[in-house]
Amino acid sequence: MYFSVFFKSFSISSGLCFLYDILINKHRVKKESKAEILNNYKKSIGYVSSNILTAKLYLDGCENYLHYQERNKNSVFFNIILWLITTDLLFYSLHYLFHTKYLYYFHKIHHRYINTYGITPYMLTQLIS
């Protein structure tokens, strides 16, 4: 279930960003042709796919672990707020660590593109540069 929710939200947001990049493309600092944008998306698909596979393995493991845990008694609203705060802090902390001199080698693919694309945040940790 966790991966399914993640993958659906990723697909929708990435699809909308792709359409925006291809159809509108007027708010970019550096103007790019549709062919350049398509080429950059094609280059990033392999990296993104491997990270999504990693996310699937991790989220399936989390779901399996949590399946055997006792449910907490907090309200749904409290759990959602707690989830948002926790994931935000975790993402920020990990992203910060990947900008240190020790881990940046693994993270630099994320910064390969001058212009951002909706799909490139999922290129966080690749060994290939």
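The values are calculated or read from the model by the stated rules, or taken from the named source; none is laboratory data. Predicted model only: the values in this text are computed from it and were never measured. Note: ideal-geometry Cβ built from the backbone for every residue, glycine included; neighbour counts use all protein chains shown. Each accessible area value is taken on the protein alone, full model and side chains, heavy atoms only, with ligands, DNA and RNA left out. Shrake-Rupley method; radii C 1.70, N 1.55, O 1.52, S 1.80 Å.
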Segment 1-92: which trypsin sites (Lys or Arg not before Pro) are DSSP loop and have at most 11 other beta-carbon atoms within 10 angstrom?
26, 30, 31, 71, 73
Surface accessible to a 1.4 Å probe, per residue, for the residues of segment 34-114, Å²
82 Å²
Filtered hits (aspartates and glutamates, Cα-Cα < 19 Å from residue 30, offset >= 8 within chain) -> 21
Each label point is 7 Å from the Cα along the Cα-to-Cβ direction; what then is the distance between the points at residue 91 and residue 22, in nm?
2.5 nm
Contour minus Cα-Cα span, residue 101 to residue 84, at 0.36 nm per residue, comes to 3.3 nm
I'd like the Kirkwood hydrodynamic radius of segment 1-109, using the inverse of the mean 1/r over distinct C-alpha pairs, in Å.
17.2 Å
Taking a ≥ b ≥ c as the square roots of the Cα gyration tensor eigenvalues, with a/c under 1.5 meaning rounded and otherwise prolate when a/b beats b/c or oblate if not, segment 1-53 comes out oblate
How far apart, in nanometres, would the label points at residue 74 and residue 38 be if each is projected 7 angstrom from Cα along the Cα-to-Cβ direction?
4.7 nm
